[in-house]
Amino acid sequence: MIAIYPGSFDPITLGHLDIIQRGCRLFDRVIVAVLRNPSKSPLFTVEERIAQIRQSVPHLDNVEVDAFGGLTVEYARIKNAQVILRGLRVLSDFEKELQMAHTNKTLSQEIETVFLATSTEHSFLSSSVVKEIAKFGGSIEHLVPSHVAVEIFRCYAPLPPPPASHPLPLTMD
Ligand code: PNS
């Protein structure tokens, strides 16, 4: 059975990785699908996010990483996937996720949404939280794969000071 795991992944966190790893034990193939969403202004491009995810899963041989646009169920159909995989962290996720699952069900009867409860140590974790911490110089190494932490810090690194301006030429009146 093929599952797609759709999301923004801006960037991938250890919580996402946990869902991918556990999904790989349940399904023959997991397709991690990065949504091309023109209405959002992400920190990383879709191509950068795909590269970050690929670099996070070399130990898993039944994962594919891809990008998609439009409806998730349409993409699932194209990929012959029967399942949409999503993680559930806290109660507040549930309302949005249930609405999404119900909406997707009205669009395709054949595709089931399967939720995995996020591991407790990741229940607070989101890409937004990671970016917020990094923006203010906090430590994120325990929240994202190490190569992703390096790339996030590069984004928020303070800009080098502008070159010293030349002294104004003296005017002789
Ligand atoms: O990681 P995110 O941002 O919570 O993922 C949300 C995502 C990509 C799963 C959701 O926005 C989505 O499926 N978008 C594609 C458009 C779609 O299919 N909409 C109908 C279901 S609400």
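A few comments on the model shown:
- Under 5 Å from the amide H of Leu116 lie the amide H atoms of Arg86, Gly87, Leu88, each residue being 5 or more positions distant or on a separate chain, with H modelled from the backbone and absent for Pro and chain starts.
- Radius 14 Å from Cβ of Arg86, net charge of other residues (Lys, Arg +1; Asp, Glu -1): -1
- Shown in residue order for the stretch 114-126 are the 3J(HN,Hα) couplings computed by the Karplus curve 6.51 cos²θ - 1.76 cosθ + 1.60 at θ = phi - 60°: 10, 9, 10, 5, 4, 4, 4, 5, 10, 5, 9, 8, 8 Hz (x for Gly and Pro).
- For Ile31, nonlocal amide neighbours, meaning residues 5 or more places apart or on other chains whose placed amide H falls under 5 Å from its own, are Ala3, Ile4, Tyr5, Glu64.
- Positive minus negative residues near Val46 (Lys, Arg vs Asp, Glu; Cβ under 13 Å): 0
- Cα shape, the chain, gyration tensor, a/c 1.5 rule: prolate
- Degrees, to the nearest 10: 14-26 long Cα axis against longest axis of the chain: 20
- Seen from Ile12, the other residues with C-beta closer than 12 Å to its C-beta sum to a net charge of -2, counting Lys and Arg as +1 and Asp and Glu as -1.
- Within straight-line cross-link reach of Lys96, lysines at Cα separation under 20 Å, skipping those fewer than 8 residues along the same chain: Lys40, Lys105
- C-alpha long axis of helix 146-156 to longest principal axis of the chain, angle in °: 40
Where a number appears in this text, it was derived from the coordinates with a stated rule and is not lab data. For clarity, every value in this text was computed on a predicted model and none was experimentally measured. Quick reminder, even Gly has a Cβ in these numbers, built from the backbone with ideal geometry, and neighbours come from all protein chains shown.
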